[in-house]
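Trainee: Below is the structure I would like to discuss, written out as structure tokens.
The values are calculated or read from the model by the stated rules, or taken from the named source; none is laboratory data. Treat the numbers as computed from the prediction; the structure is a model and nothing was measured. Cβ: placed from backbone, ideal geometry, glycine included. Neighbour counts: every protein chain shown.
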Amino acid sequence: MYTEEIDQNIGNSVDSSEITDAAGGIPKDDCFVSAKTDKSQAPEFVLSLVKLSRSGLLLLTFPWGNLLDTIDVVSKIFCDLESGSLKSPLWCHRIFPIQATCTLNEKELQAVVSKLVFQFVNDKRNKLAQPLKFAVGFNRRGTEESQMKTSKDESKNSDMSVLLDRNKCFGAVAAAVKGIVSDSVVDLKSPELSILVELLPLSGVPNGSLLVGVSVLPQNLVSTKPRLCIKPLVCDKNGKKAS
């Protein structure tokens with residue numbers, strides 16, 4: 001789970017989800033694991049708290065083999081909030097359901113996006129129009145300008161430094177979407193699916209190994225005004241969702 005405190009300003013977009021050791025390469029020393037001690041209770045869910053380099057953000061991960069769908073989990077939270085069966089959280093502003101992670105590399109990013117978009121369009125629960133309307137969000141929150149500059153200086157010709165440019169990242173993601181749905185079109189006002197890419201500010205990861213969380217989200221989980229991002233969990237004093 002990737003959560004954000006209320007007093008933190010949201011950058012552009014992104015999630016709460018599962019991250020695998022193979023995809024994310026997260027140092028195990030940076031994870032705090034909590035589990036049920038009563039073995040008689042089933043199922044046993046284990047969440048890991050991953051150390052981030054920026055305050056105000058929490059990254060919770062599920063273990064390998066977990067069967068929970070992070071999109072469904074967050075959707076259920078919104079349904080419970082809207083029905084009144086769940087009280088609004090006091091310290092959590094947004095939850096970004098990360099579906100996959102990869103290094104900030106064009107080939108890897110396109111492969112992940114292609115897989116998630118394919119799953120989305122083939123999910124019978126999603127009723128999609130033609131042409132398919134989509135939008136892309138890229139958030140570099142947590143990565144200081146100095147870190148980005150260092151990464152660029154160390155590998156000026158690397159694909160990773162190229163994708164730090166927002167437009168380059170958008171182009172790579174859009175190409176992956178069109179590779180799955182050829183007649184898809186960009187629509188920033190009312191996208192049927194939104195691809196959100198979040199640069200993860202993980203502690204202990206070298207500048208040359210930037211990692212991103214990726215999700216393909218339905219309309220009910222995103223807001224397009226004033227920018228494309230995950231919907232907030234809390235309402236402002238006027239009853240409107242906080243931006």
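Trainee: Name the residues in the stretch 113-145 that are surrounded by 18 or more Cβ atoms within 10 Å (Cβ to Cβ) and within 19 Å of Asp165 (Cα to Cα), would you?
Mentor: Val113, Ala135, Val136, Gly137, Phe138, Asn139, Arg140, Arg141, Gly142, Thr143
Trainee: Please find, within the stretch 183-230, the residue that is farthest from Ala172 (Cα to Cα) out of those that are small (Gly, Ala, Ser) and assigned to a strand (DSSP E or B).
Mentor: Ser223
Trainee: State which residue is modelled with the highest pLDDT when the search covers only the stretch 133-157 and only residues that are more than 21 Å from the chain's Cα centre (by Cα) and in a loop (DSSP other than H, G, I, E, B).
Mentor: My answer is Ser155.
Trainee: Tell me yes or no: at least one residue of the stretch 99-112 is in a loop (DSSP other than H, G, I, E, B) and either free of Cβ contacts under 8 Å to residues at least 40 places away in the same chain or over 14 Å from Ser215 (Cβ atoms) (or both).
Mentor: Among the residues of the stretch 99-112, at least one is in a loop (DSSP other than H, G, I, E, B) and either free of Cβ contacts under 8 Å to residues at least 40 places away in the same chain or over 14 Å from Ser215 (Cβ atoms) (or both), which makes the answer yes.
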